[in-house]
Structure formats: C-alpha cells, structure tokens
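Heads up, the thing below is written out as structure tokens.
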Amino acid sequence: MVIEIPRGSFLKRGSTGQLDFISPLPCPFNYGSIPAYIGLEGDLLDAVVLGPRLALGTTLTAYAWGAIGVYDRGLYDDKLICSLTPISPWQQRGLLLFFSCYAQAKRLLNAFRGRRGRHGCAGWGDAAAAIAKATPRADVEWYGPSVPF
C-alpha cells in the first residue's frame, strides 16, 4: 500500500496526489490505497494503516485484519483495516465510530457541494471479501477516479 494521508495530517489527498480538501480535524491514522486494486467506486482500494505516523508516499506491506464499508453519495467503498499487529476490539469499535462520523461529515460536505446520495457506515467486514469485490488493476486501464471527490 501507499500512504496518501499521514497520521495527524489535515490535508486530504486522493490517490492521484491531488488535494481534495483541508480537514478541520487531523486524520487519526495513516490512510492510503492499494495500487493493485480498484474499489467499487472507481478509485484505488482504500487502506487504513494503524500505528505510528508514516511519511507521505511511504510504501509498505501490512496484514489486512478486516474492512469497513462506507457509502458516499450512494457509492459503496471498502476501507481495508491494516496493521502489523492484531486489532483489538477497542480499536475496531473506534474505527467504526470514526467512519460513522466521517460518513456524516461527507454528507454535509457533499450537500454543500450539491452532490446527493446515501451516506453511512455499513459496518465491519472481511478483508478477503473486500479484496474479492475489487478489480485487479492489471485487468483495466486506470487514469484516476471516474467520480469527482
């Protein structure tokens, strides 16, 4: 995976490196993507990496312990939850709470931008199932997300 948003950053960048927006709150974890897969919403498969802050652009391998499903403007998107060590039930609950709040913040942001659709957190899921739903990038040409974020 490649880190796009280091833990503690206020800058929300997309998989192409373009600045999407400046957050009023720092990102509580490292956030990035899996360049080998395209998620269901047409962008690279998202990955959260727990642990200490990693620099922008860091490439690493970590175990995917699960996935959290999120709806943004009606588009479903899996976020792989990765770490070098097992995830505790407390961490899992915290991640679900974060993504529930994140989905509501995106609902407000998208309402301001005039973009409609369902927003919400679909809950915890299996990492292997999330990867199986994604498209291997080798199967298609990809030039960036097809939907503006």
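What follows is calculated from the coordinates using simple rules that are stated; it is not laboratory data. Since the structure is predicted, the reported quantities are computational estimates derived from the model, not experimental observations. Methodologically, a virtual Cβ is constructed for each residue, glycine included, from the backbone with ideal geometry; neighbour enumeration extends over all protein chains shown.
The residues in the stretch 9-37 that are assigned to a loop (DSSP other than H, G, I, E, B) and aromatic (F, W, Y) can be counted, and the count is 2.
Determine, yes or no, whether F98 is loosely packed, with under 12 Cβ neighbours inside 10 Å and assigned to a helix (DSSP H, G or I). Taking the combined requirement at face value, the residue does not satisfy it.
Residues that are more than 14 Å from I68 (Cβ to Cβ), over 15 Å from the mean Cα position of the chain (by Cα) and assigned to a helix (DSSP H, G or I) within the stretch 105-149 comprise R107, L108, L109, N110, A111, F112, R113, A128, A132, R137, A138, D139, listed in sequence order. Scoring P86 on the criteria (1) over 15 Å from A127 (Cβ atoms); (2) loosely packed, with under 15 Cβ neighbours inside 10 Å leaves a single failure, condition (1). You will find that of E4, E41, the residue that is part of a strand (DSSP E or B), crowded, with 20+ Cβ neighbours inside 10 Å and acidic (D, E) is E4 and no other. Summed over the stretch 44-75, the residues that are surrounded by 15 or more Cβ atoms within 10 Å (Cβ to Cβ) and either part of a strand (DSSP E or B) or β-branched (V, I, T) (or both) give a count of 17.
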